[in-house]
Structures are given as structure tokens and as C-alpha cells.
Amino acid sequence: MVDFNKIAKKWQKKWEEKGIFKVKEDSKKKKFYCLEMYPYPSSTLHMGHLRNYSLGDALARFKRMQGFNVMYPMGYDAFGLPAENAAIKHKVDPEKWTLDNIDKIKEQQKSLGFSYDWSRQIQSCTEDYYKWNQWIFLKFYEKKLAYRKNAVVNWCNSCGTVLANEQVIDGKCWRCHDDVAEKELEQWFFKITEYADELLRDLEKLKHWPKRVKVMQENWIGKSHGVEVNFKIKDTKKIISTFTTRPDTIFGVIALVFAVEHPMVFELIKGTKYEKPVLDFITKTKKRSMKERASEEVEKNGIFIGKYVVNPVNNEEIPIFVADYALMEYGTGAVMVVPAHDQRDFEFAKKYKLPIRVVITPKQYELKSEKMNRAYVEEGILVNSDKFNGMNNLDAIEKISKWMEKEKIGKRTVQYKLRDWLISRQRYWGTPIPMIHCSTCGIVPVPYENLPVKLPKNVKFTGAGNPLETSEKFVNVKCPKCAGKARRETDTMDTFVDSSWYFFRYCSPNEAKLPFDKKASAYWMPVDQYIGGIEHAILHLLYARFFTKALRDLGLTNVDEPFSRLMTQGMVIKDGAKMSKSIGNVVDPAEITGKYGADTGRLFILFAAMPEKELEWNDKGVNGAYRFLNRIYNLVNDNIKDISLDSYVKDKLNEKDKFILSKMHSTIKNVTENIENFKYNLAIGKIMEFVNALQKYNDKNKAVFGECAKNLVLLLNPFTPHISEELWSDLKLKGFASLQKWPSYDKSKIDEEAEALEDNLERTKKDIYSVIELAKIKKPNKIIIFVAEAWKFDFIRRLKGELGKTRNLGEIIKKFAKSDLSIYIREISKIAPKLVKDETKLPKVIVGRKKEIEALKGSLDNFKQEFGCDMEIVDGKSDEQKAKQAMPGKVAILIE
RNA sequence: GCGGGAGUGCCGGAGUGGCCAAACGGGACAGGCUUAGGACCUGUUAGCUUAGUGCUUACGCAGGUUCGAAUCCUGUCUCCCGCACCA
């Protein structure tokens, strides 16, 4: 067995010594920016990483060999909670802990032979990186894209910090899965909503993003068109506005509900007998955890507040409620209740015995409110709606909206589900927010020249509260404006801020005056291929898009979208479940690569499944990949004396040589196309087929075999670079295989039929040539080939060598009819009309199954007349003799 | 509920109208090589058969279109994923 580990080390060393993967901007070359989502530096790589990088490296190598100027960088998402938890638990410095991990993980990555340009490495926890987070923050602040507000926030008790909406999953923390509580705090936000519309619109530009990611983002942004309707509170001048997407149901409104947080509630109940019960209700509702509110089939609760509003379209007085199913964050925090046509309102009305008024009825029958057991939400005709009666409700949406605008009782608006991004975190290990609180001047930004605001070292990690607050030196500062005593902001930024622009930084990792050099980023950006997990479909990918647009508006870049192509890889699972320590089905990549070598691990993980699908880990499959690599190694080395690198003489090629060359060209073609479509598993399958064919190639033409071997080695490079380099040097070829030109193919050399034929013959062991050879030996006067199925023409076509590439059956039949071949066609009815009349020689007898014969009879009569052929139809089962005579087989010969 | 996607041989997984009983790999079986082998090589691997081509049944289930369907259409079942009281 070959020592693949030794080979891997040898070439990794050589690559590094020569620095062959370093790149510079080069306006003469077409660029290709290949990027994987940079990892969080935990101490070891897992299978997901191996898969991610194997996918990316294969593409980077492929593009490099195709002549692109490929930037393929790696870095580390180095801020974050685990470092801080390690500090609390093991009393280690988060920085040291993180940097140590980076070293470990980097070493593993290197041992896998990925072709990164390590000179571009970045890590988000170093000053020269996070300084620019702060710089960007200040710019955002100036543009009012960063702001502070008091808000009800998602608070994770176990992490002791605030979470963004995107980080709350089913009412639980995305990181520790603990229940999330609500808390009111003053926090920093980024105004992502400013870009809501563009973020939505530009999804269309992302032609090469997976549909589901786009759909998820679309749903997350959640744009809906509707009308803001103003209701006047009875006996006052106060106006309450509500948002609805269904203005067509306006005449069916029978109540109004407020969210429990709605500020107007307190004014309205103050001093009334409703004050106490309503406040009780509000407190009770607020106490219920997020989880409870998010759970399914929640009963709708509410309470009447003793006031009424006037429906502006019909001047009806309707009651106001406070209810738990109205959300303060969406719309205006007040909802008009239309029980007949909204399921939630329906449930609410049933519970509190409110009237149900039908305003839309199906065309087929009349909807009766007392018979309804759920809301009617389908299309219909308006009723009980004054002058809009009889109108289709879809038309009515438009008409009523216009009318309300004219009457000044409503205004058409657009609503989004997307909320601003809460970036404050009460943690130590993150980018300090560069702000200062001064009792006289208020909030004052840290001047640019004072950046970075460095993370202090003298902090205590107790596990309670924000560690930054324990550093007096950090907290107590002078106000930059008045030089008076002031307090530094102790919130740090969400780590998703770091990852929202790191791909720009790679373009100029040492840039000192700006976050990134404009020229360099203009050359490299956007990222041509981004690869990562689907779990970032919303969080990271939305934030990165937002940042790109915001940075563009700051004049730092011209690109609108950061990632042209996105590939979301599937998970690696084992025994039907995601690999996890708790289940105990984890396979450590290091174990595999240690045993079989890096190439084997990479090959298997690429071959086992389509990249975007789940990959079922299979130890035996790994062994298969290992055997395959051994086979290739031996194929080259055992035949090394049969290999010549001279070019071959075309005239001296025999059928076998031509065949293997055809196979070579078609393999290059297929592998190239499959890589371009991210179908690495199929590309590898094709290489395997080629290797199988090469192994069967006897009486080798040395030059032909040499060319095949050379190209094989190059085709392998993206997947198994080490063995590729080794074989390249075994072949006594110069330079690095990794830097060679990607093999090209010659379409004209591909003989698909020969290959298909070869396959068939291989399988049946019945070489059609040998049939002919046999016939030749017997010297027949006439060869009749009977063909049962249309596709078999291709066989004959090949044999006769007298037809072009036509796939037109009629054309083929015509040709053969002229020759001395007789043809049997089972499915004659459709083909017949296409035949040309004269000189047609068709079989005298047609055989088929009963069913088919019945079907044929009609068309046959026409056929006979038209062509003057004499034919009869025989049932193969009942008239065996005739049948055998006519159709002894699919491809058979009759020797006379 | 809304939205996305998937159902193929013993297994993983290709295949989107005819070179399809279905690539490639794994597994199993038989044989060879070997002291031996988990190493390598050859063959078989839906069923029935043949000297050989063949026939039958198959790509979740049920229909349909077509000369012809795993592939297109309709219905249906199952599974996975995302969002979820968004007015």
C-alpha cells in the first residue's frame, strides 16, 4: 500500500515553499473569488468543515487550472461566546484561547492540502480588524444607520445577553437553546429596515442562489401591501390607525384590538373602572414567556377596555379590546377585527361572543354567519358593503383602497416583517462599540483618530453580568467633547457584524487607512462562489447583503450584492442523524485522514453525494475511495515503462486506441461540465469509469496511454491534489500539476456511439462486430438484421458507417431500406408516414403483441396503400413460426 | 396554516421522453491469485427463461397524454426542511 500521508506532506511542503497559491490583482487575467464561510475557531474540524473546504478547494483548483486568477482565502470568525465561557470555566485568557485554537485548526486545514492563499489570513478578534468594525459603526452612526433606542428585547438568561430577532428560534436561544425572555433595555440597532425594499428587490438579481434561500429571505423580509385605516375614538379627537391587507373587508369590522404594549391603552383606561382589570390582563400576558406565545394553537385572549371607535366607512361604533394576539412590532400595534374573514379574528369573536358579519360570499351559495365554523378567506363577492356590493373582492381591494384615500380615511402603505438589527451584546469578547456617555453632552462618538477602542485586559470573568464593566480603566473616560467625566459604552457588537464584511477585507488584508482598499475590492468583488451551510440562509447572508449595500452608499464599493453564486452544502449525517456528541455518531475527519490520507477523505466526501444534499457517512465507502486511489497509483506506476509522452501518430491508431482516446475526451468533457455545475460526485464517477476503461486497455499504444495518464492526473487534481502531484512527477512531467492548464477536449474525437456500443457489448459480452465477423466467415449472400426497437438503429448506423448524426428515424430507415439490410420495426404506425415512398424495402411480416396489432391495423392499411408494400400482421404468440421468421431477435442475422 | 423540496435496485446515489433493468460506488454471492487474506483481479447480483437475441414485472400509489414515460400532466399518500397569532 502506498503511504499517502507521506505524499501529502511532501507536496504540502513544496506548495508552501514555492508559495504557488498566492495571488495579486492582475488586470490582464480574469479573476475568480472563491470563498467558504469562515469558521468559528473551535479546536477541531468536523466533517461539515471537511466537506465545505473540499467543495471549495476543488472549485478553486479547477478555476485556477482554467487560467483564472483565483483568490481563495481563509480566516477566522474569532469573536464569540465560547472563548468567554472558557475564560469563566478554565480561567484562560479568551484571546489566548482563541489564538491557540486558530493555530490548531489552521494546522488541520493545512494537512488537508487546501490551496488557500494564507498570506491573506484574517481573524476578526485582532485590533486591525475590529478597528474597522468600529469605523463602520461610526459611519453608520453619522448616516443614522446606527441608533440607540429603548426596546423590548429578547434576553437569554443563560448567555446573559440580548439576542437579535434572527437569533431567536422557536422562542429559544439559537446558541444554548434556553428559553428567551423579554426585557426592556436601551440598545444599539442597525437600521436594516432602511434597506428592506432593496434587499427584497435584489433577490431577483441573485440568479445563482438556491431558490429556498431566496424564499426564506423573502419571507423573512415579509413585505405586504395594505392600507392604514384611521379610526376615530368615540367622543374624542384621538385617532387610532390600523394596518390591513384586506380593505375589502372593512365593512365587516366589528371590533378593534390593541397589542398589550400599545401606549394608547393606558391613556384610554386611566381613571375608568376598566383600568385595573385591563392592567392585570396586560401584566399577565406579558409574563407569559415567548415560548408559550410561540407555541401552536394558542387561545386568543382579550379584554374590553370600555371605549369605542367609529368605523369611518359606515360610522358604526365598535368596541376596543386589548388582546394577546395583536403584535406591537408589526403594523401599528392595532388590528381591526373581521371575524367572518380572518381565522384569528373568528376565534376571538367566538370566544367573546362578538357578532360575525359576512361581507364576502362565495359565488355558488350565500354564506350565513350563523352556520360558519371557520372564517371564509377565499375569493368571493362583496355583500353588506354599501356601494361596493356585488364587486369581486380582489377588485374591491383596489377600489376601496382608492376610495379611502380619496375620502382621507386611509392611506396605502407597505409593511415589512423585518425589524432593525439589534447589535448590542453585554459580553466581553466582541468589538467594543465606540461610544461614550457623557452626562452633559449625551452620547458622543469616539473620534476616528482614537480608534480602535481596545478590549481591556484587566477584566474579571465571573459569569455574571458584562465583564467589561469590571474594568475601571476601560469604563471611566473623558468626554471627547467637553473633557468632563464620562462613561464608556460597555456593550460589544454582535459577532455577525464581523462576518458582514470580512469578504471585503480579504481583498486587501493589510490596508491601514480604510476597512479595505477600494481598488483591490473593485477587482475582486463580488465573490464569485460562496459556499457554506444552509443555517446561514437568513442571519449571515442577509446581514452581509445589508452591509454591502450600506458600504456602497458610503462610497466604499460599487457592488450591490456581495455573492454572485451561493452554494449551500448539505449536512453530514450518520445513521440517519446529524453527527453529534450526544448521539455518539461523530466521525472525526482527523481519524480518517490519519488512516487513509487527506486525498481519500476528500475524495469520499465529494463522491458520496451531491453537494447540496445530505451526506450519509459510510466508513466502508471511505475504504472504496481509498482502494480507488491505490488503483490509480498502480495504474500509472505499474505501467510506467509503457508510457511515452511523445505525441502519437494519427494514422497508426487502431480501434482500441481510438476508443480509449474517445473515452478520454468524453471524460474531460463530462468532468469539466460536472464541476461547473457543482456535480462533483458525477465528475468523480466519470473519472472512475475512465480508470476502469484504462485498465482494460491492452496492447497499449505508449503515446496514447501516456496522454490518457497525463490527463487523468490533471483531472484528479481538484479532488485529490496530492496524489495528482505525485503521479505528475512520477510521469517525469515538469512543474506542479496544480498549476497546469486544465485539459481540453476535442468534440470531434468523441465517438459516443462507440462508447455506448462498447458499454453494451461489454455488458452483453456479445460484440456486434463479432456477429458480423462471423457472418463474413460464413460468406453469406445477404445479411438481414432485424431490429426490434427504434434505438437499435444507432447500432446499425455505426456498422454501416453511412449515416451522419441524424436522429430522424424516418431518415435512417430510408437509408437502410436502400441497402441490403432488412429492418423490422415494431412501432411502425408513427414512423410510417415519415417514410419516403420509393425504393422502400420494408419487412414483409410484422410481429407484435395482440394489443399492438389491434392498434396497428388501421394505420397499416393506409401504409400499404401509400407505399405499395405487401405486409401482414402476425400475432407473435399464436403464429410462432412466422414470428420467428420475421423477428428472430432484436439484432440477429439470417444467413443465406 | 403558508412556503420550499424529496420519494429509484440489498444500500448510498445518478438518470429528467427512446442507446434504461437503470451510471458510479458500497454490500452480497461465485471464481481466480495466494500459506492466508479485510489486498488484488474476473464474473454474477429484479423474476422467468434461452444456444443466443427474449419475455414479464419494476423507479411511492392511482389514473392520463404518447407509437414509446422513472422522466410530461392530474389526483393521492408519505417524509424532510423553513416560517409561523405578520392583521
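The values are calculated or read from the model by the stated rules, or taken from the named source; none is laboratory data. On a predicted model such as this, the values are computed, not experimentally measured, just so you know. Here Cβ is always computed from backbone atoms with ideal geometry, including for glycine, and neighbour counts include all displayed protein chains. Side chains included, ligands, DNA and RNA excluded: accessible areas come from the protein's heavy atoms. Shrake-Rupley method; radii C 1.70, N 1.55, O 1.52, S 1.80 Å.
Looking at residue A:453, is it at pLDDT 95 or above and not in a loop (DSSP other than H, G, I, E, B)? So residue A:453 fails the test. Residue A:41 passes every criterion in (1) more than 27 Å from residue A:549 (Cβ to Cβ); (2) surrounded by fewer than 24 Cβ atoms within 10 Å (Cβ to Cβ) apart from (2). Inspection of the stretch A:290-312 finds a residue satisfying the criterion of being at pLDDT below 85, buried (at least 17 other Cβ atoms within 10 Å of the Cβ) and either more than 30 Å from residue A:412 (Cβ to Cβ) or not hydrophobic (A, V, I, L, M, F, W, C) (or both). Scanning the stretch A:120-157 for residues that are in a loop (DSSP other than H, G, I, E, B) and open to solvent by 70 Å² or more (accessible area, probe 1.4 Å), we see that the one that is farthest from residue A:517 (Cα to Cα) is A:157. Of all residues in the stretch A:230-251 being more than 10 Å from RNA strand B (Cβ to nearest atom) and among the hydroxyl-bearing types (Ser, Thr, Tyr), which is farthest from the chain's Cα centre (by Cα)? Applying the filter and picking the extreme gives A:236. Scanning the stretch A:502-543 for residues that are under 26 Å from residue A:46 (Cβ atoms), open to solvent by less than 10 Å² (accessible area, probe 1.4 Å) and of a type in the set (A, V, I, L, M, F, W, C) yields A:503, A:527, A:531, A:537, A:541, A:542. Only a single criterion out of (1) over 30 Å from residue A:460 (Cβ atoms); (2) among the aliphatic types (A, V, I, L, M); (3) over 25 Å from the mean Cα position of the chain (by Cα) is not satisfied by residue A:192, namely (3).
Residue A:673 meets each of the listed conditions (1) more than 10 Å from RNA strand B (Cβ to nearest atom); (2) assigned to a helix (DSSP H, G or I); (3) surrounded by fewer than 19 Cβ atoms within 10 Å (Cβ to Cβ); (4) more than 24 Å from the chain's Cα centre (by Cα) apart from (4).
For residue A:719, state whether it is in a helix (DSSP H, G or I), touching a helix residue (DSSP H, G or I) at 6+ places or on another chain (Cβ under 7 Å) and closer than 24 Å to residue A:627 by Cα. So residue A:719 does not fit the description; no. Can you find, within the stretch A:595-614, the residue that is nearest to residue A:679 (Cα to Cα) among those that are within 7 Å of RNA strand B (Cβ to nearest atom) and touching a strand residue (DSSP E or B) at 6+ places or on another chain (Cβ under 8 Å)? Ranking the qualifying residues of the stretch A:595-614, first place goes to A:609. The condition of being at pLDDT below 90, open to solvent by 80 Å² or more (accessible area, probe 1.4 Å) and more than 20 Å from residue A:528 (Cβ to Cβ) holds for only one of A:237, A:232, A:207, A:211, that being A:237. Checked against (1) open to solvent by 40 Å² or more (accessible area, probe 1.4 Å); (2) within 15 Å of RNA strand B (Cβ to nearest atom); (3) touching a strand residue (DSSP E or B) at 6+ places or on another chain (Cβ under 8 Å), residue A:316 passes all but a single condition, namely (2). In the set (1) part of a loop (DSSP other than H, G, I, E, B); (2) among the β-branched types (Val, Ile, Thr); (3) within 25 Å of residue A:343 (Cα to Cα), the condition left unmet by residue A:397 is number (1). Of everything listed in (1) closer than 20 Å to residue A:57 by Cβ; (2) surrounded by 15 or more Cβ atoms within 10 Å (Cβ to Cβ); (3) modelled with pLDDT under 90, the single unmet condition for residue A:597 is (3). Of the candidates A:640, A:668, the single residue that is of a type in the set (Val, Ile, Thr), more than 9 Å from RNA strand B (Cβ to nearest atom), under 23 Å from residue A:722 (Cα atoms) and open to solvent by 40 Å² or more (accessible area, probe 1.4 Å) is A:640. Summed over the stretch A:164-204, the residues that are away from RNA strand B (no atom under 11 Å from the Cβ), basic (Lys, Arg) and at pLDDT below 90 give a count of 2. Confirm whether residue A:91 is closer than 30 Å to residue A:463 by Cα and surrounded by fewer than 20 Cβ atoms within 10 Å (Cβ to Cβ). In short, yes. Residues that are open to solvent by 10 Å² or more (accessible area, probe 1.4 Å) and hydrophobic (A, V, I, L, M, F, W, C) were ranked within the stretch A:477-501; the one that is nearest to residue A:546 (Cα to Cα) is A:496.
Across the stretch A:361-381, not a single residue is classified as crowded, with 21+ Cβ neighbours inside 10 Å and either of a type in the set (A, V, I, L, M, F, W, C) or at pLDDT 90 or above (or both).
Restricting the search to the stretch A:676-711, which residues are touching a Ser or Thr at 6+ places or on another chain (Cβ under 6 Å) and open to solvent by 60 Å² or more (accessible area, probe 1.4 Å)? Within the stretch A:676-711, A:686, A:702 meet the criteria. When restricted to residues that are closer than 19 Å to residue A:135 by Cα and hydroxyl-bearing (Ser, Thr, Tyr), the stretch A:460-503 contains 6. Within the stretch A:613-631, the presence of a residue that is part of a helix (DSSP H, G or I), touching a Lys or Arg at 6+ places or on another chain (Cβ under 7 Å) and over 22 Å from residue A:671 (Cβ atoms) is excluded.
The set of residues in the stretch A:141-160 that are over 12 Å from residue A:420 (Cβ atoms), at pLDDT below 95 and not hydroxyl-bearing (Ser, Thr, Tyr) comprises A:150, A:152, A:154, A:155, A:156, A:157, A:159, A:160.
When the residues of the stretch A:323-337 are filtered to those that are of a type in the set (Val, Ile, Thr) and near RNA strand B (Cβ under 7 Å from one of its atoms), which remaining residue is surrounded by the most Cβ atoms within 10 Å (Cβ to Cβ)? The extreme case among them is A:335. Here residue A:218 clears all of (1) more than 12 Å from RNA strand B (Cβ to nearest atom); (2) farther than 26 Å from residue A:435 by Cβ except the condition numbered (1).
Could you please let me know if residue A:9 is open to solvent by 10 Å² or more (accessible area, probe 1.4 Å) and either out of contact with any strand residue (DSSP E or B) (no Cβ under 9 Å at 6 or more places or on another chain) or not in a loop (DSSP other than H, G, I, E, B) (or both)? Yes; evaluated as a whole, the condition is true for this residue. Regarding the stretch A:242-255, can at least one residue be identified that is in contact with a helix residue (DSSP H, G or I) (Cβ under 9 Å, 6 or more places away or on another chain), surrounded by fewer than 16 Cβ atoms within 10 Å (Cβ to Cβ) and farther than 21 Å from residue A:326 by Cβ? Checking the stretch A:242-255: not a single residue is in contact with a helix residue (DSSP H, G or I) (Cβ under 9 Å, 6 or more places away or on another chain), surrounded by fewer than 16 Cβ atoms within 10 Å (Cβ to Cβ) and farther than 21 Å from residue A:326 by Cβ.
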